[in-house]
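Shown next, in structure tokens, is the structure this report addresses.
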Amino acid sequence: MGVLRDLFDYSVVRDILQVPLAEEVMEDRMVWKDDAKGLTDIISPRLYIFQDIKSLIHDICLKKDRKIAGRVAVMLEGLWKNRSDSVWHNEKEDASRLGWLAFHKCQDWFLAQNLRETQLHNGELVNWNPPPFGCFKCNADAAFNQRVGSTNRGWCIRNDHGNFIAAGAAWDSCTFSVLEAEALALKEAIQAISMFHNAPMIF
């Protein structure tokens, strides 16, 4: 209790003390929940059939649906980026986290496509208006995935012709309020605009 009170204020200490503890503590072990993040059942059997990655990917694209092929593509992109970060920056992501990142990235993409198709069908798609001449415009938004308890956010900068300039996205494995999540998206956009040399920016 003394350590907790030294480190945290009263409300945080109260929340910590309310966390239920398991009566029986077992040693941690790695668990792979394939239906949530992995593609073991898709990739593992093919490793014994194909000698190169190109043939393996080609077979998946031919025989599996668009969603599975997309998940494989996103996973491979994540693996390649992780390898590059390891080689060039000596930074490496944990394998289990790579699986979750790929899964969420793919899920978000498919959800965005379905949302856009629904909006187009219902005629609810909002038109984007360009900023004044010589200005940039940044749009930011946040979304929540209640099923997995994550907060997703992103931002996009375009010029007065509507041309893409820069964008960013992030997610956290916790649920913020709408105000907090959108404020985070705006903060990250503001931090990223230093490359624009103080050009006029509309948020």
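The table below lists the values:
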| quantity | calculated |
| --- | --- |
| 5 angstrom amide H check on Phe203, placed H, neighbours 5+ away | Cys138 |
| Ordering of 179-190, 79-90 by burial proxy (mean other Cβ atoms within 10 Å per residue, highest first) | 179-190, 79-90 |
| Summed side-chain charge close to Ala142 - residues other than Ala142 whose Cβ falls under 13 Å, Lys, Arg +1, Asp, Glu -1 | -4 |
| Entries of Lys54/Lys81; Lys105/Lys137; Lys67/Lys137 with Cα pairs more than 27 Å apart | Lys67/Lys137 |
| Amide hydrogen neighbours beyond the local backbone of Cys135, cut-off 5 Å, H modeled | Asp160 |
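Computed from the coordinates by the stated procedures, all read-outs in this text should not be read as laboratory data. Treat the numbers as computed from the prediction; the structure is a model and nothing was measured. Heads up, the Cβs are rebuilt from the backbone with ideal geometry, glycines too, and the neighbour counts pull from every protein chain shown.
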